[in-house]
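> Let me begin by handing over the structure; questions about it come next.
The values are calculated or read from the model by the stated rules, or taken from the named source; none is laboratory data. Please read all numbers here as calculations on a predicted model, not as lab measurements. Cβ coordinates were reconstructed from backbone atoms using ideal geometry, including for glycine residues, and neighbour counts include every protein chain displayed. What goes into the accessible areas is simple: the full protein's heavy atoms, side chains included, and nothing from ligands, DNA or RNA. Shrake-Rupley method; radii C 1.70, N 1.55, O 1.52, S 1.80 Å.
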Amino acid sequence: MLDQYGRKIEYMRISVTQKCNLKCIYCDPDGENCKDSKDDSLTPREFEKVVRSMVEAGIKKIRITGGEPLLRRDICEIIYRISEIDGIEDIGMTTNGIQLLKMAADLKAAGLHRLNISLDSLKPEKFKFITGGGDLKKTMAGIDRALSLGMTPVKINTVLIKGINDDEVDDLIELTRDRPIEVRFIELMPMGSFGEDNRDKIIHNDDLIATRPGLQYLERTDKGSPAVYYQMAGYTGKIGFISPMTHQFCSDCNRIRLTSDGKIRPCLGNNGEVDIREALDLKADNFNQIVRQIILDKPKGHHFGADFTSSRRMNMIGG
Ligand code: SAM
């Protein structure tokens, strides 16, 4: 369906847990969500119910995220339930890949189509520093596994931070030489105190493009995608640039988010959320109507200006 600004809302990101097994410096550096906190996440049945209503309202694409979605023991059940819903055309997942080697085949069998894997460094020590203890070998093994299972294109998400990992841009681009991989550089967003305090460490994607004449622009095929794509001549994979800080793409935004604790957040960079848990618990007759109204009311654009403070960190919303 169309929202109040005429955007066709077709895509929902679902955070299935706030918990994570990493402590990325720009996301959850103190590991608040690595701790064994009480988990009030929705059940697979509840996620299914929300998605069914969303499909009635026009949602076709789902991305499962978190926290770290692979920490949910019932992750395959969640995927399976969603994949069985008529009208769902695509299910992807964003993961840090740490547990992917052993889980990828089951995820695929459950109905998962595609994977976005976060990878901020190709250097083991730096990877460990950025992720608060992560093992690069595990994430790389997860990427290889996804490729060997044919879950292509595998998308790599890289958040660049000035002085930390911006020296690795060309090495990351090299990953696309022989692999059907899309490496996507995401501008650091002011979600959480690191992003808020380090606005001067944002790497502007335009600068990366301007200094790499070998990059060839690719015509946009998916208007709803936040990424603008390029390719190095003769390479197999592509390079994507996601630039929420320097190029607002809100007028093309086609997505809404569901948090693991049952809030719909129609815009990442706007603290407005609607709690649907009570309506779910009460099995409200007008649940479909509630969902439609939330979509209709999606805000016009994000508030990532100088004074924006997110009410939640990214791991509590779902990146
Ligand atoms: N645990 C999974 C993972 O690591 O991919 C999924 C959740 S994580 C919050 C999803 C994505 O959000 C990751 O690619 C991460 O790099 C990105 N992210 C988190 N905080 C961010 C920030 N402040 N700015 C830009 N991207 C951010």
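> In the chain, what percentage of the DSSP-assigned beta bridges are antiparallel, given to the nearest 5?
Numbers: 13 of 45 bridges.
Beta bridges within the chain, antiparallel portion: roughly 30 percent.
> Now for a separate question. Rg and Dmax of the stretch 11-309, Cα atoms, in Å?
Every Cα atom of the stretch 11-309 included, Rg and Dmax give 18.7, 58 Å.
> Cα-Cα over 24 Å: which of 23/108; 23/298; 19/223; 61/298; 108/223? Show your work: numbers first, answer last.
Details: 23/108 27 Å; 23/298 31 Å; 19/223 32 Å; 61/298 17 Å; 108/223 26 Å.
Over 24 Å apart, Cα to Cα: 23/108; 23/298; 19/223; 108/223.
> Right, here's the next one. Counting only helical runs of four or more DSSP H residues, what would the 222 nm mean residue ellipticity of the chain come to if each run contributes -39,500 (n - 2.57) and the total is spread over all its residues?
Working: 11 runs with 90 residues, N = 319.
It comes out at -7500 deg cm²/dmol, rounded to the nearest 500.
> Under the classification rounded if a/c is under 1.5, otherwise prolate if a/b is larger than b/c and oblate if not, where does the stretch 1-134 fall, given a ≥ b ≥ c as square roots of the Cα gyration tensor eigenvalues? Show your work: numbers first, answer last.
Details: a/c = 1.85, a/b = 1.70, b/c = 1.09.
Here the stretch 1-134 falls in the prolate category.
> Taking H placed 1.01 Å from N in the peptide plane, check which residues at least 5 places from residue 132 or on another chain put their amide H under 5 Å from its amide H.
For residue 132, whose amide H was placed from the backbone, the distant partners under 5 Å are 23, 25.
> Another one. Distances over 24 Å make up what percent of all Cα-Cα pairs in the stretch 77-202?
Tail fraction, whole percent: 33.
> Scaled to the compact-protein estimate 2.2 N^0.38 Å, what is the alpha-carbon radius of gyration of the stretch 173-250, rounded to two decimal places? Intermediate results must be reported in sequence, preceding the final value.
Numbers: Rg = 13.5 Å, N = 78, 2.2 N^0.38 = 11.5 Å.
Against the empirical 2.2 N^0.38 Å value, I get 1.17 for the stretch 173-250.
> Considering only protein heavy atoms, what per residue accessible area in square angstrom results for the chain with a 1.4 angstrom probe? Please list the in-between numbers first.
Details: 13910 Å² over 319 residues.
Heavy-atom accessible area per residue stands at 44 Å².
> Let me ask something additional. What whole-number distance in Å separates the alpha-carbon centres of the stretch 274-309 and the stretch 1-19?
10 Å
> Taking all protein chains together and a probe of 1.4 Å, list 169, 228 from the most accessible to the least accessible.
Working: 169 5, 228 50 Å².
The ordering from most to least exposed comes out as 228, 169.
> Sorted by mean Cβ packing within 10 Å, highest first, what order do the peptides 251-260, 91-100 take? Can you show the working numbers first?
Working: 251-260: 20.5, 91-100: 23.8.
Going from most to least packed, we get 91-100, 251-260.
> Report, to the nearest whole %, how much of the accessible area of the chain belongs to carbon and sulfur atoms, 1.4 Å probe, protein only.
Numbers: 6910 of 13910 Å².
C and S fraction of accessible area: 50 percent.
> Could you state, as a whole-number percent, how many of the C-alpha pairs of the stretch 1-66 are farther apart than 21 Å?
Numbers: 897 of 2145 pairs.
Roughly 42 percent, once rounded to a whole number.
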